[in-house]
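All remarks here apply to the structure that follows.
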Amino acid sequence: MIAVVRSWFLLLLLVIVTVCPVASALEIGVESGATCVGQWGSFGSDRGQFSNPQGIAVTADGTAYVLDTGNNRVQVFNSTGTFLRQWGRYGQIEGQFNAPLGIAVDAASNVYVADTQNHRVQKFGPGGEFITSWGSIGLGDGRFQCPSGIAVNRTGTVFVTDRNNQRVQAFTPSGSFLSKMGGPGTGDGQFAGPTGIAVDDLGGALLVTDPSRNRVLRFTFDGEYTGSWGTAGSGDRQFSGPTGVAVASGGTIFVCDSANHRVQEFAPDGRYLLQWGSEGTGKGQFSRPSGVAVAPDGQIYVVDVNANRVQRFVPGSVGLDSLIAAFGATPQRGRPPLSVKFLDQSSGASAWSWSFGDGARSSDREPVHTYTSSGVYEVSLTVTGQSGEKVTAVKSQFVYVSGIDILRPTVPVAQFSANRTGGSAPLTVEFTDASTGSPGFWWWQFGDGSASAEQNPVHLYQRPGMYDVTLTVFGEGGSDTVTRGGLVTVLPDPRVPVANFSMSREAGAAPLYIRFTDRSVDATSWRWEFGGGTWTTARDPSVVFRRPGTYTVRLVASNAHGSSSATGTVTVTGSAAPAGRAVPGAPVLVVG
């Protein structure tokens with residue numbers, strides 16, 4: 001008898017597991033997608049090649065600025081992918097970057113970069129000429145902890161997602177702090193780690209992606225929260241780590257659904273329109289899309305991170321007034337009797353007809369239906385447009401009702417460990433997943449712009465800095481995220497030079513002659529800056545300071561492995577030296 005019961009139970013278990021619902025493919029009543037009309041890029045550091053590109057911005061004339069994060073540079077292309085110019089390399093001084101993640105252009109084609117691991121914003125002219133920068137690591141207004149996304153509206157206000165401070169900050173074009181919005185949490189208008197950001201000038205809206213919470217949030221430019229959408233999953237209007245977001249001139253919203261390897265398109269109010277993409281490296285496929293931009297002609301540019309390329313698309317012809325049938329529900333699992341609230345996500349509908357799979361029907365827009373018997377139910381929604389046309393969406397195995405607790409899905413809990421948390425660059429760290437709840441998918445973010453979907457990845461940190469590590473795990477019952485701030489500290493490569501210098505004197509009356517002597521360790525090149533735009537690459541320069549004042553002298557010492565800097569102060573008293581007055585020594589520069 002025991003054997004019979006055991007056999008019966010195993011058979012029941014097999015049947016229920018077989019019909020247990022999984023995330024459905026796209027099931028809407030219209031043709032969806034986009035046509036890939038061009039692509040460029042491959043892995044490398046040469047012109048036109050990329051290493052982990054993350055962001056893209058397109059100007060009014062179709063020029064594309066691509067943030068080549070792993071190579072710490074900006075590359076510029078025309079609309080067909082022809083290389084035009086580039087600037088930037090690793091470092092902390094003006095025009096250098098440390099794992100930048102966000103890029104934007106304003107109406108004058110000025111370029112703004114969220115220099116993530118340098119915790120600042122840099123602004124450049126169209127040709128890459130440095131204009132200004134602002135920000136430093138910290139919690140206060142105008143300071144950042146890993147700024148990740150950046151956008152500029154038509155009036156010039158600059159919006160920056162301050163990821164680890166879990167907020168958005170607004171600035172003038174020159175970097176003066178204006179306001180902030182958001183804060184840590186899961187409630188309305190709160191963030192777990194905001195990343196992508198875009199402006200809708202037509203609607204006066206700000207769109208922000210929060211990948212750890214799998215949603216898009218909407219604010220006014222003044223910081224008023226006006227709504228959000230998205231849950232974890234792979235269905236319509238669901239996300240798995242959404243990153244980049246862009247808005248077309250008419251208000252249509254495009255979101256890079258990164259871990260689902262696709263782009264989703266939404267109406268300005270968040271209604272689902274269409275999607276395209278699947279995992280792969282073929283034309284029109286994606287391997288972790290992260291950045292998206294819309295050109296004035298309506299074409300969509302998408303940065304494909306792991307494939308190290310940019311793809312250009314013409315989106316499908318679904319308009320904002322097209323008739324689309326789409327829906328969701330909550331909850332979708334539970335014990336009988338199970339009351340389910342059905343959510344209409346259709347577009348252009350004037351009437352609704354629901355079939356719940358158990359013989360019951362409803363014409364309400366968002367009905368609540370109670371399932372009294374165990375089973376797996378197919379649900380369909382037929383919507384009717386203003387002219388009488390009808391479109392139907394069907395989702396099989398959509399609602400699961402069962403009284404067997406053992407089959408209820410669990411939500412995984414994210415946790416991990418690292419074999420080391422500090423050392424000199426380059427530093428290799430082995431991460432070990434310690435999550436519970438049987439996750440089936442892992443998404444690691446290492447804090448330097450790199451990511452991995454391996455369960456137990458090994459990551460190489462090549463640059464000095466303090467890095468947050470985030471692990472998001474996904475299971476049948478949902479997802480969970482853990483972030484360990486400042487987990488990995490990478491010290492400078494001991495091969496990087498240590499800048500130092502001495503001066504023959506530090507103060508005196510004008511004209512003041514000073515001999516500067518390089519005392520750096522392991523340097524092969526030098527750049528001295530004396531203020532007022534005066535500089536030299538001589539190793540041991542002699543300088544005459546003609547005018548009274550306090551001068552900050554800066555030496556940047558470099559070699560093939562990096563650079564460091566040292567500063568000193570010169571105080572000049574008395575009256576300015578007349579032109580042509582004899583000065584002892586053999587100066588190579590005159591300051592003032």
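The set of residues in the range 265-293 that are closer than 23 Å to Gly449 by Cβ and assigned to a strand (DSSP E or B) comprises Glu279, Phe286, Pro289, Ser290, Gly291, Val292, Ala293.
With respect to Thr186, is the statement that it is among the polar types (S, T, N, Q) and more than 24 Å from Gly156 (Cα to Cα) true? Against the criterion (among the polar types (S, T, N, Q) and more than 24 Å from Gly156 (Cα to Cα)), Thr186 qualifies.
Looking across Gly48, Gly95, Gly81, one residue alone is part of a loop (DSSP other than H, G, I, E, B) and in contact (Cβ under 8 Å) with a residue 40 or more places away in the chain. It is Gly81.
Among all residues of the range 353-364, there is none that is in contact (Cβ under 8 Å) with a residue 60 or more places away in the chain and open to solvent by 20 Å² or more (accessible area, probe 1.4 Å). The listed residues are Arg527, Arg495, and the only one of them that is within 30 Å of Gln117 (Cα to Cα), out of contact with any Asp or Glu (no Cβ under 6 Å at 6 or more places or on another chain), among the charged types (D, E, K, R) and in a loop (DSSP other than H, G, I, E, B) turns out to be Arg495. Just one of the numbered conditions (1) assigned to a loop (DSSP other than H, G, I, E, B); (2) more than 18 Å from the chain's Cα centre (by Cα) is not true of Asn306: (2). Quick one: is Gln92 closer than 30 Å to Ala425 by Cα, at pLDDT 95 or above and either among the acidic types (Asp, Glu) or open to solvent by 30 Å² or more (accessible area, probe 1.4 Å) (or both)? Considered against the rule, which asks whether it is closer than 30 Å to Ala425 by Cα, at pLDDT 95 or above and either among the acidic types (Asp, Glu) or open to solvent by 30 Å² or more (accessible area, probe 1.4 Å) (or both), Gln92 comes out as no. Looking only at the range 241-264, residues that are among the polar types (S, T, N, Q), outside any strand (DSSP E or B) and either over 25 Å from Asn52 (Cβ atoms) or open to solvent by 10 Å² or more (accessible area, probe 1.4 Å) (or both) come to 3 in all. Of everything in the range 445-460, what is in a strand (DSSP E or B) and either on the phi > 0 side of the Ramachandran plot or surrounded by 21 or more Cβ atoms within 10 Å (Cβ to Cβ) (or both)? Give them in sequence order. Gln445, Ala451, His459 - these are the residues of the range 445-460 that are in a strand (DSSP E or B) and either on the phi > 0 side of the Ramachandran plot or surrounded by 21 or more Cβ atoms within 10 Å (Cβ to Cβ) (or both). Report yes if some residue within the range 315-335 is over 22 Å from Ile150 (Cα atoms), open to solvent by less than 40 Å² (accessible area, probe 1.4 Å) and at pLDDT 90 or above; otherwise report no. Looking through the range 315-335, none of the residues is over 22 Å from Ile150 (Cα atoms), open to solvent by less than 40 Å² (accessible area, probe 1.4 Å) and at pLDDT 90 or above.
Among all positions in the range 213-226, there is at least one residue which is under 29 Å from Glu454 (Cα atoms), open to solvent by 10 Å² or more (accessible area, probe 1.4 Å) and within 16 Å of the chain's Cα centre (by Cα).
Cβ-Cβ distances below 7 Å connect the following pairs, each with a first residue in the range 159-171 that is closer than 20 Å to Gly485 by Cα and free of Cβ contacts under 8 Å to residues at least 60 places away in the same chain, a second residue that is outside any helix (DSSP H, G or I) and basic (Lys, Arg), and a separation of six or more residues or different chains: Arg167/Lys180; Val168/Lys180.
Is it true that Ser350 is modelled with pLDDT under 95, farther than 20 Å from Ser234 by Cα and out of contact with any helix residue (DSSP H, G or I) (no Cβ under 6 Å at 6 or more places or on another chain)? It is true that Ser350 is modelled with pLDDT under 95, farther than 20 Å from Ser234 by Cα and out of contact with any helix residue (DSSP H, G or I) (no Cβ under 6 Å at 6 or more places or on another chain). Determine if the range 395-417 includes at least one residue that is part of a strand (DSSP E or B), more than 27 Å from Gly486 (Cβ to Cβ) and open to solvent by 70 Å² or more (accessible area, probe 1.4 Å). Scanning the range 395-417, I find at least one residue that is part of a strand (DSSP E or B), more than 27 Å from Gly486 (Cβ to Cβ) and open to solvent by 70 Å² or more (accessible area, probe 1.4 Å), so the answer is yes. Residue pairs whose Cβ atoms lie under 9 Å apart, sitting 6 or more positions apart in sequence or on different chains, and linking a residue in the range 404-420 that is farther than 15 Å from Phe441 by Cβ and at pLDDT 65 or above to a partner that is of a type in the set (D, E, K, R) and open to solvent by less than 30 Å² (accessible area, probe 1.4 Å), are Gln415/Asp433; Ser417/Asp433.
A residue that is part of a strand (DSSP E or B), modelled with pLDDT of 85 or more, open to solvent by 20 Å² or more (accessible area, probe 1.4 Å) and closer than 30 Å to Asp448 by Cα can be found somewhere in the range 534-557. Every test in (1) open to solvent by 20 Å² or more (accessible area, probe 1.4 Å); (2) hydrophobic (A, V, I, L, M, F, W, C); (3) assigned to a strand (DSSP E or B) is passed by Val490 save one, and that test is (1). Would you confirm, using the coordinates I've provided, whether Val199 is touching a Pro at 6+ places or on another chain (Cβ under 6 Å) and either under 19 Å from Val247 (Cβ atoms) or surrounded by fewer than 24 Cβ atoms within 10 Å (Cβ to Cβ) (or both)? For Val199, the condition - touching a Pro at 6+ places or on another chain (Cβ under 6 Å) and either under 19 Å from Val247 (Cβ atoms) or surrounded by fewer than 24 Cβ atoms within 10 Å (Cβ to Cβ) (or both) - is not met. For Ser339, the test of being more than 23 Å from Trp443 (Cα to Cα), open to solvent by 10 Å² or more (accessible area, probe 1.4 Å) and assigned to a strand (DSSP E or B) is passed. Contact list please: Cβ distance under 8 Å, first residue in the range 53-77 and touching a residue at least 24 places away in the same chain (Cβ under 8 Å), second residue assigned to a helix (DSSP H, G or I) and crowded, with 24+ Cβ neighbours inside 10 Å, pairs at least six apart or on different chains. Final answer for the pair search is Pro53/Thr69; Gln54/Thr69; Gly55/Thr69. Residues that are open to solvent by less than 30 Å² (accessible area, probe 1.4 Å), assigned to a strand (DSSP E or B) and of a type in the set (Gly, Ala, Ser): does the range 119-142 have at least one? The answer is no; no qualifying residue exists.
The values are calculated or read from the model by the stated rules, or taken from the named source; none is laboratory data. Since the structure is predicted, the reported quantities are computational estimates derived from the model, not experimental observations. Ideal geometry is used to build each Cβ from the backbone, glycine not excepted, and the neighbour counts take in all protein chains shown. These area figures cover heavy atoms from the full protein model, side chains too; ligands, DNA and RNA do not enter into them. Shrake-Rupley method; radii C 1.70, N 1.55, O 1.52, S 1.80 Å.
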